[in-house]
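Novice: Below you will find the structure I want to go over with you.
The values are calculated or read from the model by the stated rules, or taken from the named source; none is laboratory data. This is a predicted model, so every value here is computed, not measured. Note that we place each Cβ from the backbone using ideal geometry, even for glycine, and neighbour counts take in every protein chain shown. To get the accessible areas, we keep the full protein, side chains included, count just its heavy atoms, and leave off ligands, DNA and RNA. Shrake-Rupley method; radii C 1.70, N 1.55, O 1.52, S 1.80 Å.
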Amino acid sequence: MFSLLGGLRRRQAGSKDVARERLRVVLMHDRAGANPELLEQVRDALVQSLSPLVDMDRRGIQVDLRRQGQSLALVASIPVRGFKRGAGGRG
Amino acid sequence: MGKSIVITSGKGGVGKTTTTANLGMALAQRGARVALVDADIGLRNLDVLLGLENRIVYDLVDVVEGFCRLRQALIRDKRCENLFLLPAAQTRDKTAVSPDQMRALVAELKESFDVVLIDSPAGIEQGFQNAVAGADEAVVVTTPEVSAVRDADRIIGLLEAQEFHAPRLVINRIRPAMVSRGDMMDINDILEILAIDLVGVVPEDEHIVVSTNRGEPAVLQNSSLAGRAYRNIAARLMGEDVPFLDLQSANGGLLGRLRRIFGG
Ligand SMILES: Nc1ncnc2c1ncn2[C@@H]1O[C@H](COP(=O)(O)OP(=O)(O)OP(=O)(O)O)[C@@H](O)[C@H]1O
Ligand SMILES: [Mg+2]
């Protein structure tokens, strides 16, 4: 039942959407010349530079390349527990 | 002084040679003096598509190595007397020629022709470097498939790095029925991804197979929709503003009209 519905839905959407999405992702990486290792290094650099200021959940950090209009954006999602005392602000 | 245009792609088999043969014939029929250069050394094909394979005496490598004069190697088409072919060597490989030699060769051709079209081999290696070396402009051919578009993107990047400021795109083998049911990427999907100017869209067309069998480019047949698309591209290359064929709308569009006229 479930797989039947899934099959129907997939056929309705048309495979071109799948093609377009796969292309979008593969080109993002081709164009940036980026590989998973490189993104890992970016992640480490972010952790290092932010850790004096931010208390974050290191395991939840996500770094990815996304398309924004015609250009490429490096998007980082960093779960924050709080900011560290004495790090800037009024205090 | 003419201009030189390289017809290239990343992925093989997407229709570069078919495009070169048809654009060459269409441009020549419009009155331009046209030289076609087969830069796919070792895998020559353009002669066969044009039906000129039995008339080859000398080839591009013979010219470059000084065994003959450029004029001796050029084959004149009998159907259209301002169309000429410089065939590739079949028994040599791409290392037989250097980019500098290609540059000099194409420069010499530009002195006596209005348009020089260069048929590039697939790939991004020396054969590609040779083919683009003497070109003023570039046309990138792709089909509406993930791998072909991906490789086209790579080629566009390489062309831009070599200071081709505005490569233009031909989308070949579009199948309107598949586009309509959402099973093939459409023109806008591809343009959005590649972000370059479109110079033409060529439908999948059985006439291409027949014309390849016969050695007569599809532009010579009025009934071929692909031939018509190629004539339009030729006009655009000469700076004319020609609307794109409406391949999609089944009734109002050209395809629908042609279907009614030719009952197919
Ligand atoms: N619009 C079309 N409709 C139908 N068949 C086509 C079309 N365009 C090309 N073909 C077919 O696709 C095949 C490959 O075409 P072609 O040789 O022009 O590609 P190519 O890019 O030059 O290949 P290569 O990379 O090997 O040089 C041929 O058999 C040709 O007849
Ligand atoms: Mg070819």
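Novice: Run down A:39, A:72, A:27 and say which single residue is surrounded by 14 or more Cβ atoms within 10 Å (Cβ to Cβ), at pLDDT 85 or above and out of contact with any Pro (no Cβ under 7 Å at 6 or more places or on another chain).
Specialist: A:27
Novice: To continue, here is another question. Spot the failing condition for residue A:67; the list is (1) modelled with pLDDT of 85 or more; (2) assigned to a strand (DSSP E or B); (3) surrounded by 10 or more Cβ atoms within 10 Å (Cβ to Cβ); (4) not hydrophobic (A, V, I, L, M, F, W, C), and only one is missed.
Specialist: Result: residue A:67 passes all but (1).
Novice: List every residue pair whose Cβ atoms sit under 8 Å apart, with the two residues 6 or more apart in sequence or on different chains, where the first one lies in the range B:191-213 and is within 16 Å of ligand 2 (Cβ to nearest atom) and the second, anywhere, is open to solvent by 30 Å² or more (accessible area, probe 1.4 Å) and in a strand (DSSP E or B).
Specialist: From the range B:191-213, the pairs are B:202/B:173.
Novice: Go through the range B:189-208 and give me each residue that's of a type in the set (A, V, I, L, M) and within 14 Å of chain A (Cβ to nearest Cβ).
Specialist: Result: B:190, B:191, B:193, B:194, B:195, B:196.
Novice: Could you list all residues from the range B:9-32 that are outside any loop (DSSP other than H, G, I, E, B), touching a strand residue (DSSP E or B) at 6+ places or on another chain (Cβ under 8 Å) and open to solvent by less than 20 Å² (accessible area, probe 1.4 Å)?
Specialist: Within the range B:9-32, B:16, B:19, B:20, B:21, B:23, B:24, B:25, B:27, B:28 meet the criteria.
Novice: Taking only pairs six or more apart or across chains, which ones have beta-carbon atoms under 9 Å, a first residue in the range B:11-23 that is more than 15 Å from residue B:200 (Cα to Cα), and a second residue that is among the aliphatic types (A, V, I, L, M) and within 6 Å of ligand 1 (Cβ to nearest atom)?
Specialist: B:11/B:122; B:12/B:122; B:13/B:122
Novice: Inspect all residues belonging to the range B:81-102 and state whether any of them is without any contact (Cβ under 8 Å) to a residue 24 or more places away in the chain and within 19 Å of the chain's Cα centre (by Cα).
Specialist: no
Novice: Restricting the search to the range B:33-50, which residues are near ligand 1 (Cβ under 9 Å from one of its atoms) and either open to solvent by less than 20 Å² (accessible area, probe 1.4 Å) or in contact with a His (Cβ under 7 Å, 6 or more places away or on another chain) (or both)?
Specialist: The answer is B:46, and nothing else.
Novice: Quick check on my filter: what residues within the range B:154-175 are assigned to a helix (DSSP H, G or I) and open to solvent by less than 20 Å² (accessible area, probe 1.4 Å)?
Specialist: B:155, B:156, B:159
Novice: If I filter the range B:214-232 down to residues being open to solvent by 10 Å² or more (accessible area, probe 1.4 Å) and in contact (Cβ under 8 Å) with a residue 24 or more places away in the chain, which single residue comes out as farthest from ligand 2 (Cβ to nearest atom)?
Specialist: B:223
Novice: Turning to a different aspect of this structure: Looking only at residues in the range A:13-64 that are farther than 29 Å from residue B:150 by Cα and under 13 Å from the mean Cα position of the chain (by Cα), which one is nearest to the other protein chains (Cβ to nearest Cβ)?
Specialist: In this case the residue turns out to be A:61.
Novice: Hey, does the range B:172-187 have a residue that's touching a Phe, Trp or Tyr at 6+ places or on another chain (Cβ under 7 Å), within 12 Å of ligand 1 (Cβ to nearest atom) and in contact (Cβ under 8 Å) with a residue 24 or more places away in the chain?
Specialist: no
Novice: Can you tell me which residue within the range B:1-35, out of those that are within 12 Å of ligand 2 (Cβ to nearest atom) and among the hydrophobic types (A, V, I, L, M, F, W, C), is farthest from the other protein chains (Cβ to nearest Cβ)?
Specialist: B:21
Novice: Moving on to the next point. All but one of (1) touching a strand residue (DSSP E or B) at 6+ places or on another chain (Cβ under 9 Å); (2) closer than 24 Å to residue B:224 by Cα; (3) not hydroxyl-bearing (Ser, Thr, Tyr) hold for residue B:6, so report the exception by its number.
Specialist: (2)
Novice: Still on this structure, I have one more. I want to confirm something. Restricting to the range B:140-157 and keeping residues that are under 16 Å from residue B:204 (Cα atoms) and within 12 Å of ligand 1 (Cβ to nearest atom), which single residue is nearest to the chain's Cα centre (by Cα)?
Specialist: Only one residue tops the list, namely B:141.
Novice: Let me ask something additional. Restricting the range B:158-188 to residues that are within 14 Å of another protein chain (Cβ to nearest Cβ), acidic (Asp, Glu) and within 28 Å of residue A:33 (Cα to Cα), which is farthest from the chain's Cα centre (by Cα)?
Specialist: B:186
Novice: Going by what's in this entry, would residue B:235 be described as among the small types (Gly, Ala, Ser), surrounded by 21 or more Cβ atoms within 10 Å (Cβ to Cβ) and away from every other protein chain (no Cβ under 14 Å)?
Specialist: So residue B:235 does not fit the description; no.
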